[in-house]
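Visitor: I'd like to ask some things about the structure below.
The values are calculated or read from the model by the stated rules, or taken from the named source; none is laboratory data. This structure is a prediction, so every number in the text was calculated from the model and none was measured. A quick note on method: Cβ atoms are made from the backbone with ideal geometry, for glycine too, and the neighbour counts reach across all protein chains shown. Side chains are part of the model used for accessible areas, which takes the heavy atoms of the whole protein and leaves out ligands, DNA and RNA. Shrake-Rupley method; radii C 1.70, N 1.55, O 1.52, S 1.80 Å.
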Amino acid sequence: MTPTPTLFAPLFIAATALFLYSCWKRLSLTALGRPEERLDNLGQRISDTLTYAFAQKRVLAKPSGLIHVAIFWCFLVLMVANTEFLLHGLFPSISFTRLPDGLFMPLMQMIDVVSLITLLAVIAAAVRRLVAPPYPEARTFEAFFILFLIATLMLANFGVNAAKISTMQGSTLALAKSIMPVSGWFVPSIPAGSAKLVHDLSWWVHALVLLLFMNLLPLSKHFHIITAIPNVLLRRQDNPPLPEREIFKADNRFGVDQVDGYTWKGLLDAFSCTECGRCQMVCPADQTKKPLNPRTLIAKIKHNLMANGQALKQGQKPPVPLIGEGSDSISEEAIWACTTCGACLQACPVFIEQFPKLIPLRRHLVEMESRFPEELLNLFENMEGRSNPWGIAPTERGKWATLLGERPYEPGKTEYLFYVGCAGSFDARAKQITVATAMLLDKAGVSWGILGKDEKCCGDSLRRLGNEYVFDKLALENTALFKERGIKKVIVQCPHCLTTLKNDYRQYGLQLEVIHHSQLLLHLVQDGRLKLPKTVDLGRVMYHDSCYLGRHNNIYDEPREALALATGGALVEMPRNREDGFCCGAGGGRMWMEEFTGDRINLVRTAEALEQQPDTICTACPYCLTMFDDGIKDLQADKVQVKDVAEVLAEAVLR
């Protein structure tokens, strides 16, 4: 059947109308979300889009990403070819052949070679999905069918060009084969006298498959071809991602219990997921057999939105609950399994925000329904009553400093507030870190003081667990106290205190210069204020990256450099380190909860460390230290010691 506008135009119009309707039907659902500003700092957003969407920086973080990059860039080139194909089908006078030879010949050669690269990349993608899929569920009919369609498009394109070349003779034939060498390979396979048949058949196969592919996009996970680039452009720019501040007024509802409670950008995330599985492979909950999987979390939000969209548009109650046990709902066990480590955010090539979607669900369960794991009851009561997880009297906060003498923070005289934190004030093991840090500060002549009984918990665990009400109370009290005392510079030894004081409290109008003790101690050594008369022999020394110090605050080098100076040798790295570090299991309030399902996260991380046969495991977080201490005991590796960076430096400087 000869391609003519009379036949092709109605088909194209119908397919395009269906495609636009399908896109609108899904994208209009994002309008159900709450408003949110995501077009600020447009210059930086465009730069990030070029880096991450077009240059595919995060995709290339894994070797398998080369396949996707090849397909992506080939698609951009072939988009030009397919646009010409469609326009030529509608208006035959529009054709690349009307271009000057100096432009036409290299363009056709590029399209020919790029089509071959695409075909090879598709074959490689299919083989990888068969032999080594990113996760077992990745072997789906949809995935292979889409790859089949792309391969068919490439072969049909070769068929059209080969049929054209086969009708040429002499020097024209030789020139055509040199311009389109790949299509030229197919010329001998075209039987004599059948060039027109092959051309027409290939043209219609290409046309029908292209229109079919176009209409499958909105109906499948491959919708990300349309939404991923805008999603990168509109990505959250603050790191770490901060939960929204809630306003506590009568009749307000708190948290999210139905899908339209998310912002429009949160709903756009659901349509942008590529289902590549990278978030899943780095998630400590998923990798220890918990019911939380960040990939399926986003899929459930999408399916819930699509199931409830019509009812929500009509102002009706959604028939499918967002929190529940159904296939389109998120289970409570999954909601509480998250450690907020941020690994999913770090891994996602299109900047989907996975774990921030769980905090509002926790808020709803805690603040609206008083439904949460029973072990959190004591934590919430103790935090509200005595501003620490154990319910110890505030007068006990400063007793760790008894041997060092009174060290009150004096406004106008003291340079640094040493914000000790709850663990550093009350936990017997963490108090050793506090004393070591204080002695090093004294040795260096740093002006510092503490709040003593006036210090309150920063509220990190409360906020991540969804108890925003008590967090808000503590944040307001701390903010008022810090402003009253004129506190500007703060030393912390807990990464959770660091991120809360430095980042979360900005929502309360408090701007602080917060420095982690590992950073300050390194600077004191480098400035010569702390002398290292000897190095400490701790055997094979390994450092574990705290999620809240590393991924949340981008502090990776300072603890390592401080340890290297103190020990005089290179550190042993875990297989998963720095940005790829694996959580200890204590973040997101999980420090105060039990693990009843799957493997214990701290044991998995400790076992990974022990495989490298270290003598000493070093941390820069009291939570991490506790989790490793427990892991060492449970795995009966008593010869391995666990130390904080400050303790190692204290051994080198003070003894």
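Visitor: Counting other Cβ atoms within 10 Å, which GluC sites (Glu not before Pro) in segment 278-356 have at most 16 and lie in a DSSP loop?
Guide: For GluC sites (Glu not before Pro) across segment 278-356 that sit outside H, G, I, E and B with at most 16 neighbouring Cβ atoms in 10 Å, the list reads Glu325.
Visitor: Then there is this: Would you mind computing, in nm to one decimal, how far apart the modelled labels at Lys534 and Leu173 are, each placed 7 Å from Cα along Cα→Cβ?
Guide: Rounded to a tenth, the inter-label distance reads 8.9 nm.
Visitor: With the cut-off at 1.5 for a/c, could you classify segment 1-119 from its C-alpha gyration tensor as rounded, prolate or oblate?
Guide: Taking the square roots of the gyration eigenvalues as a ≥ b ≥ c, segment 1-119 is oblate.
Visitor: Here's another thing I want to ask about it. Can you spot the aspartates and glutamates whose alpha carbon is less than 17 Å from Lys317's alpha carbon? Ignore those fewer than 8 places along the same chain.
Guide: Partners within reach: Asp257, Asp260, Asp328.
Visitor: Still on this structure, I have one more. Taking the dipole about the Cα centre of the chain, with the C-beta of Lys and Arg at +1 and of Asp and Glu at -1, give me whichever of Thr49, Val645, Gly324 is farthest to the positive side.
Guide: Thr49
Visitor: Also: About its Cα centre, what dipole magnitude does segment 331-403 give when the only charges are +1 on Lys and Arg Cβ and -1 on Asp and Glu Cβ, stated in debye to the nearest 20? Before the final figure, lay out the partial values.
Guide: Details: 7 positive and 10 negative charges, 65 e Å.
It comes to approximately 320 debye.
Visitor: Between Leu149 and Lys489, how high is the FRET efficiency from 1/(1 + (r/R0)^6) when r is the Cβ-Cβ distance and R₀ = 60 Å? Nearest 0.05.
Guide: It comes out at approximately 0.50.
Visitor: Peptides 434-444, 242-252: what's the order by average Cβ count within 10 Å, highest mean first? Don't skip to the answer; put the middle values down first.
Guide: On the way: 434-444: 21.2, 242-252: 11.1.
With the highest mean Cβ count within 10 Å placed first, the list reads 434-444, 242-252.
Visitor: While we're here: Using a 1.4 angstrom probe on heavy atoms only, work out the carbon and sulfur share of the accessible area of segment 1-48 in %.
Guide: 71
Visitor: Going by amide H atoms built from the backbone, whose H comes under 5 Å of the H on Lys57, apart from near neighbours?
Guide: Placed amide hydrogens put Tyr52 under 5 Å from Lys57.
Visitor: Where the only charges are on Cβ atoms (+1 Lys, Arg; -1 Asp, Glu), what is the dipole of the chain about its Cα centre, to the nearest 20 debye?
Guide: Details: 68 positive and 67 negative charges, 242 e Å.
Value, rounded to 20: 1160 debye.
Visitor: Next up: Please tell me the relative contact order of segment 50-172 in percent, rounded to the nearest whole number, where contacts are Cα pairs under 8 Å and at least six residues apart.
Guide: 23
Visitor: Give the accessible surface of the chain per residue, rounded to a whole number of Å², with probe radius 1.4 Å and ligands, DNA and RNA excluded. Intermediate results must be reported in sequence, preceding the final value.
Guide: Numbers: 28340 Å² over 655 residues.
Per-residue accessible area for the chain comes out at 43 Å².
Visitor: Could you check how much of the accessible area of segment 425-551 is carbon and sulfur, as a whole percent, using a 1.4 Å probe?
Guide: On the way: 2020 of 4230 Å².
Of the solvent-accessible surface of segment 425-551, carbon and sulfur hold 48 percent.
Visitor: Here is a follow-up. In percent, how large is the relative contact order of the chain, given Cα pairs closer than 8 Å and 6 or more residues apart?
Guide: It comes to 12 percent, rounded to a whole number.
Visitor: Using r as the Cβ-Cβ distance of Ser189 and Val127, and R0 as 30 Å, what FRET efficiency do you calculate, to the nearest 0.05?
Guide: Numbers: r = 24 Å, r/R0 = 0.81.
According to the calculation, E is roughly 0.80.
Visitor: Just want the answer: with Cβ charges of +1 for Lys and Arg and -1 for Asp and Glu, which residue in Gly102, Phe148, Leu86 is farthest toward the dipole's positive end in segment 81-164?
Guide: Ranked along the dipole, the leading option is Phe148.
Visitor: Something else: Mind scanning Lys289/Lys431; Lys443/Lys488; Lys443/Lys534; Lys57/Lys177 and naming the pairs with a C-alpha gap bigger than 25 Å? Show your work: numbers first, answer last.
Guide: Values: Lys289/Lys431 34 Å; Lys443/Lys488 22 Å; Lys443/Lys534 16 Å; Lys57/Lys177 36 Å.
Table pairs above 25 Å Cα-Cα are Lys289/Lys431; Lys57/Lys177.
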